[in-house]
Amino acid sequence: MFNQLINSPIWLTAFGAIILLLLERLFPLIKYEIDHKWTIRLFIYASTGIAITTIIGDHLFNQNKFSLFKYLNINFLYHLPPILQGLAGYFIITFIVYWWYRFRHYSNFLWTTFHQVHHSTYRIQALTAIYSHPFDFAATAVIVNFISYIVLGVDTRSAVFVSVITNFFDFWEHTNIRTPKWLGYIIVRPEMHRIHHEKEVHNNNYSIPIWDMLFGTYENSGRNVECGFEINKERQIIKLLTCHNVNKN
């Protein structure tokens, strides 16, 4: 039973998320009031998305015999510990996610189908990482598993590390805490990702610093910005789930 928990990306991610939830509870950057309606919306989005991820996450691509790294005889990766294989997978994923993020913002279809829900909320805290449309959950699972099995060709244990590291940093980037500016030259600070969620402005900080620096979308700032949609639009859960653009008149 214990080994099953250790090898489960969901339970390992949950453990990391709990630590971040405690940090933001003790040292909040912004003190949000309790909002039960927001919590209900979170539960609806997250429970549906996690269910989909659980169904497809353990089976997608993992029986595949082909991998790009093996085909190209890039074999050094398989001699590394699983956690380092996981970090390698995470690094590649951040490049894919950079462009996936940008496409979701520039394409109205991708925006409404996948990403609008995530940007609708005014609250940026650790749990905002799972305040997403179920299709967004599914797309992330596809990307993570595709990189793990089709590109890298790692085994299941290393794929778990890819998933856990990816999910942990997703929670981290949304955590409601203050961090030092120098950290933003190494990894994404929560304050930087808050800039990405700025109301009506989503032009910066799509991924880890190296990609944003390279492609001109980097902003290491602690600007105090308003996030999300107008509250009446965030609450239009049926329209959001059915992929209607709630900001379109």
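The values are calculated or read from the model by the stated rules, or taken from the named source; none is laboratory data. Note that this is a predicted model, so its numbers are computed, not measured. Backbone-built Cβ (ideal geometry, glycine too); neighbour counts: all protein chains shown.
List of remarks:
- Check on residue 181, closer than 30 Å to residue 18 by Cβ and loosely packed, with under 14 Cβ neighbours inside 10 Å: yes
- Cross-chain or 6+ apart pairs with Cβ under 6 Å, segment 77-101 first and within 17 Å of residue 137 (Cα to Cα), then of a type in the set (Asp, Glu) and in a helix (DSSP H, G or I): none
- Of all residues in segment 151-178, none that is free of Cβ contacts under 8 Å to residues at least 12 places away in the same chain and within 17 Å of residue 70 (Cβ to Cβ) has its Cβ atom under 6 Å from the Cβ atom of a residue that is of a type in the set (D, E, K, R) and surrounded by fewer than 23 Cβ atoms within 10 Å (Cβ to Cβ), 6 or more apart or on another chain.
- Residue in segment 211-226 that is among the hydrophobic types (A, V, I, L, M, F, W, C), surrounded by 15 or more Cβ atoms within 10 Å (Cβ to Cβ) and modelled with pLDDT of 95 or more present: yes
- Which numbered condition residue 27 fails, given (1) touching a Leu at 6+ places or on another chain (Cβ under 8 Å); (2) within 29 Å of residue 186 (Cβ to Cβ): (1)
- Residue 83 buried (at least 16 other Cβ atoms within 10 Å of the Cβ), aliphatic (A, V, I, L, M), part of a helix (DSSP H, G or I) and touching a helix residue (DSSP H, G or I) at 6+ places or on another chain (Cβ under 7 Å): no
- In segment 24-43, the residues that are acidic (Asp, Glu) form Cβ pairs under 8 Å with partners that are surrounded by 14 or more Cβ atoms within 10 Å (Cβ to Cβ), at six or more places apart or across chains, as follows: 24/125; 24/126; 24/175; 24/176; 24/177; 35/123.
- Screening segment 49-68 for residues that are in a helix (DSSP H, G or I) and in contact with a Phe, Trp or Tyr (Cβ under 8 Å, 6 or more places away or on another chain) and picking the one that is modelled with the highest pLDDT gives 49.
- Boolean, residue 144 is closer than 23 Å to residue 116 by Cβ, over 16 Å from the mean Cα position of the chain (by Cα) and β-branched (Val, Ile, Thr): no
- Within segment 172-213, considering residues that are over 20 Å from residue 95 (Cα atoms) and of a type in the set (S, T, N, Q), the one nearest to the chain's Cα centre (by Cα): 175
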